[in-house]
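One structure is given here, and the rest of the page talks about it.
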Amino acid sequence: MAHLRLLLSHSRCHPHPHRLLPLFRFSTSNSGDPPPPTIKPVSYAPKPQPPPEEAPRPDAPSAGPDWQDQPTRRFEQQPPNPPRQFTRQEVRFVKDAGPAIAPVSYPSRVAPLPEDRPAEEGAGQGVNEQDLRGEAERIEMNAEWARRSVFGVPVEEETVPYPSLIPVAKRPQKVAIDLVDALREIKTSANEKKRNFTETVEAHVMLGVDPRRGDQMVRGAITLPHGTGKTVRVAVFAEGPAAEEARAAGADVVGGDELIEEIRKGGGKLSFDKCIATPMFMPRLSKVARILGPRGLMPNPKLGSVTNDVSGAVKAAKSGRVDFKIDKTAIVHVGLGKINFSEESLRENIGAFVNALLLAKPVGLKKTSKYVGYVKKFTLSSTMGPGFPVTIPSLSAAADDYSRAHVS
């Protein structure tokens, strides 16, 4: 930097350039920068020139001026452009863009028949002999297997018949009979087979309702005129005067909170068949609802088992009160007496049940008359005996006789 300042001061004082040349040489020689590199000349090989075109001969015909042939030569010298490759999206909008596929036909192949195959001399005879020899060995092995023995005892081969389809024989449908005739048939079938117990006459009624709908639920209760023939044990949930009234009416079990605790801690063991409760005990029975509900013993106001008239409810239960309810298959099952009842007593019990069944008919059941469409099938049977379908007119006559004798 000091040399540059000295050079500038001298240039102002001495404007002649030749006088500053020694100072410039001195400053460059005294600087610490390395000398510039030496530049060497580079020579390249000469580019090969194309051979000169032959001059046209004077006797050759002239095709025209050179400017007409020049575009043709340029077009011939340029390589042909490759066909454009369209993308999958572009091919959908370009007609005939894809490669043309020429139809290909293949010659039909037909398996040659045995007579068309060229037969070699001596080949067919050897194959036939080998096949015959193998068949003979197989027959001998089967014969030895049939004559096999175990410890000297010949084993007989079992002949298994060919499986065949066995047609399913459908049982003939029983014809519905009169109610009195059905009762006679039940008594006859029960007397033929001696039982160690007295069978119950049961009624199974198929109804034309939909049990999944709440407005078509069928349930009710009826006191049979001649009872059920069973000894019914009645339990009453009451306190004070109501409990004394229940004991006087003939209740088997009477109690309050202590009876509820006994049922809850009893492990499911119950000593009664019917339950009656006063309205004040219904909130307390929620503790044993899971025990009484599945067995059908939970008191229900609709069935008359929740009432303040405890004595009347106990007498009705003792005299043969029957509760019925439709199941999931739209069938009602109920017992209407014992097999040792007289035919007239059983007929009156059945008439009372049919009358109660008509009273429990749902209001929302449409397109039905009194019986048609509501009572589809009515079957009577004993506990372990066959069932006998009963005609609807005979049931209607029994229900009318009961209603005229008792209801009026």
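The values are calculated or read from the model by the stated rules, or taken from the named source; none is laboratory data. Given the structure is predicted, the values throughout are model-derived calculations rather than measurements. Cβ placement follows ideal geometry from the backbone for every residue including glycine, while neighbour counts extend to all protein chains displayed. With ligands, DNA and RNA removed, areas are computed over all heavy atoms of the protein, side chains included. Shrake-Rupley method; radii C 1.70, N 1.55, O 1.52, S 1.80 Å.
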Q: Report the equivalent ellipsoid semi-axes for the stretch 242-326 in whole Å, largest first, defined as the square roots of five times the eigenvalues of the gyration tensor built from alpha carbon atoms.
A: 19, 16, 12
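Please identify every one of the trypsin sites (Lys or Arg not before Pro) in the stretch 215-316 that sits in a loop by DSSP and has no more than 11 other beta carbons within 10 Å of its own beta carbon. List each step's numbers first, then the result.
On the way: sites: Arg219, Lys230, Arg233, Arg247, Arg264, Lys265, Lys269, Lys274, Arg284, Lys287, Arg290, Arg295, Lys302, Lys315; in loops: Lys230, Arg233, Lys269, Arg295.
Filter output for the stretch 215-316: Lys269, Arg295.
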Q) Check Lys338: other-chain or 5+ apart residues with amide H under 5 Å from its amide H, H built from backbone geometry? A) Val201
Q. How long is the gain from Ser271 to Gln49 if the chain were fully straight, where each residue apart is worth 0.36 nm and the alpha carbon distance is subtracted?
A. 67.0 nm
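Considering only protein heavy atoms and a probe of 1.4 Å, how much of the accessible area of the stretch 231-319 is carbon and sulfur, as a whole percent?
Details: 2380 of 4680 Å².
The value for the stretch 231-319 is 51 percent carbon and sulfur by accessible area.
Over the stretch 125-254, give the accessible area per residue in Å² for a 1.4 Å probe, as an integer. Could the numbers behind the result be given before it?
Details: 9810 Å² over 130 residues.
For the stretch 125-254, the per-residue accessible area is 75 Å².
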Q: Quickly work out the Gln173-to-Leu4 label distance, labels modelled 7 Å from Cα along the C-beta direction, and quote it in nm with one decimal.
A: 12.6 nm
Q: Using only Cα atoms, locate the centre of the stretch 199-262 and the centre of the stretch 295-371, then give the distance between them in Å, rounded to an integer.
A: 10 Å
Q: Step through the table entries Lys325/Lys370; Lys230/Lys370; Lys194/Lys376; Lys315/Lys377, compare each Cα-Cα distance with 21 Å, and write down the pairs that go over it.
A: Lys230/Lys370; Lys194/Lys376; Lys315/Lys377
Q: List every residue whose amide H lies under 5 Å from the amide H of Val236, counting only residues 5 or more places away in sequence or on a different chain, with H placed 1.01 Å from N in the peptide plane.
A: Val253, Val254, Gly255, Ile276
Q) Per 10 Å bin from zero, what fraction in whole % of the C-alpha pairs of the stretch 351-390 is there, up to the bin with the longest pair? A) 24, 46, 25, 5
Q. When the label point is put 7 Å from the Cα of Thr231 along its Cα-to-beta-carbon vector, which residues of the stretch 261-291 have a backbone N closer than 19 Å?
A. 270-275
Q | For Lys318, net neighbour charge (Lys/Arg +1, Asp/Glu -1) across residues whose Cβ lies under 12 Å away | A | +3
(Q) How high is the relative contact order of the stretch 231-319? Use alpha-carbon pairs under 8 Å, at least six apart in sequence, and give a whole percent. (A) 38 percent
Q: Find how many whole Å separate the alpha carbon centroid of the stretch 134-152 from the alpha carbon centroid of the stretch 166-196.
A: 58 Å
Q: Convert each backbone phi in the stretch 331-339 into a coupling constant with the Karplus relation 6.51 cos²θ - 1.76 cosθ + 1.60 (shift: θ = phi - 60°), then list the ³J(HN,Hα) values in order as whole Hz, x for Gly and Pro.
A: 10, 10, 10, 8, x, 10, x, 9, 5
